[in-house]
Amino acid sequence: MKIIGITGGVGSGKSEVLKHLQREYGAVVYQADEIAKQLQRKGTPCYERILSHFGRQILAADGELDRIKLAEIVFAKEEELAVLNRIVHPEVKSFLQQEIDRHKAAGTHYLIIEAALLLENDYDAICDEIWYIHTEKEIRRERLKASRGYEDGKIEAIVASQMSDEVFRQRCDVVIENSRDFFETKQQIGELLE
């Protein structure tokens, strides 16, 4: 089984690549952000540890975590973000390791792990190969305006908070160019997997 980590900046088209890998190659896809959300649901060990550190002011009316309130705290203080990451990411990796073991036993060919912060949170340690989905900044901007309704200021802030293109290129094994027609992206993926 080949374990591929997929990363790239916001608006780079990672979701489209994931759908293609599922459709055409039967890849099993795990998105770290979605796993993290599930592992932080009310009553989970992760939830209890977050609540113990940050207090009840981060809860919504239904008792679940209020992600907006939590984000305000952790993005205001780097050390609080580090605490949250130390709680959540080991749980996500543990979950993924169990899924990797299960899929190896089941004979799965491709298992994909997607995470915006894949490299920052050392998910590359559990992957055989890391793919960087690269898209020109202007195209990413157009996509984010069209798909999410983001304004220029918000786009700039998000892009500034992410690793630079140079760092992605240095730390990833493969660069998938996704700035042109998606047919070309599919060809690149085909050459890598077939």
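Which residues among segment 112-144 fall inside the zone where the amide N is under 18 Å from a point 7 Å beyond the Cα of Arg171, along Cα→Cβ?
What the label zone holds, given the 18 Å backbone N cut-off, is 113-135.
Take the Cα atoms of segment 64-123, build their convex hull, and give its volume per residue in Å³.
104
Antiparallel as a % of all DSSP beta bridges within the chain, to the nearest 5?
Expressed as a percentage, antiparallel bridges in the chain total about 5.
How large is the dipole of segment 33-183 about the Cα centre if only Lys and Arg carry +1 and Asp and Glu carry -1, each at its Cβ, rounded to the nearest 20 debye?
Dipole about the Cα centre, nearest 20: 480 debye.
Hey, with R₀ at 30 Å, roughly what FRET efficiency would Gln98 and Lys145 work out to, going by the Cβ-Cβ distance, to 0.05?
The value I calculate is 0.15.
Out of residues 5 or more away from Tyr150 or on other chains, whose amide H comes under 5 Å of its own, with H placed 1.01 Å from N in the peptide plane?
Result for Tyr150 returns Lys145.
Using a 1.4 Å probe, what is the accessible area per residue for the chain, in Å²?
Averaged over the residues of the chain, the accessible area is 55 Å².
Could you work out [θ]222 nm for the chain from helices alone, using -39500 (n - 2.57) per DSSP H run of at least four and dividing by all its residues? Round to the nearest 500 deg cm²/dmol.
Value at 222 nm, helices only, nearest 500: -17500 deg cm²/dmol.
If you roll a 1.4 Å probe over segment 41-171 with all protein chains in place, what percent of the accessible area is carbon or sulfur?
50
Quickly work out the Ile158-to-Ile68 label distance, labels modelled 7 Å from Cα along the C-beta direction, and quote it in nm with one decimal.
Going by the 7 Å Cα→Cβ label model, 1.7 nm.
If you work out Rg and Dmax of the Cα atoms in Å from the coordinates, which of (i) 17.7, 51; (ii) 17.8, 59; (iii) 19.2, 62 do you get?
Checking each listed value against the structure points to (i).
Each residue of segment 121-126 in turn: what ³J(HN,Hα) in whole Hz from Karplus with 6.51, -1.76, 1.60 and θ = phi - 60°, glycine and Pro shown as x?
9, 6, 5, 4, 5, 10
The values are calculated or read from the model by the stated rules, or taken from the named source; none is laboratory data. Remember, it's a predicted structure, so these values are computed and weren't measured experimentally. Backbone-built Cβ (ideal geometry, glycine too); neighbour counts: all protein chains shown. These accessible areas exclude ligands, DNA and RNA; they are computed on the full protein's heavy atoms, side chains included. Shrake-Rupley method; radii C 1.70, N 1.55, O 1.52, S 1.80 Å.
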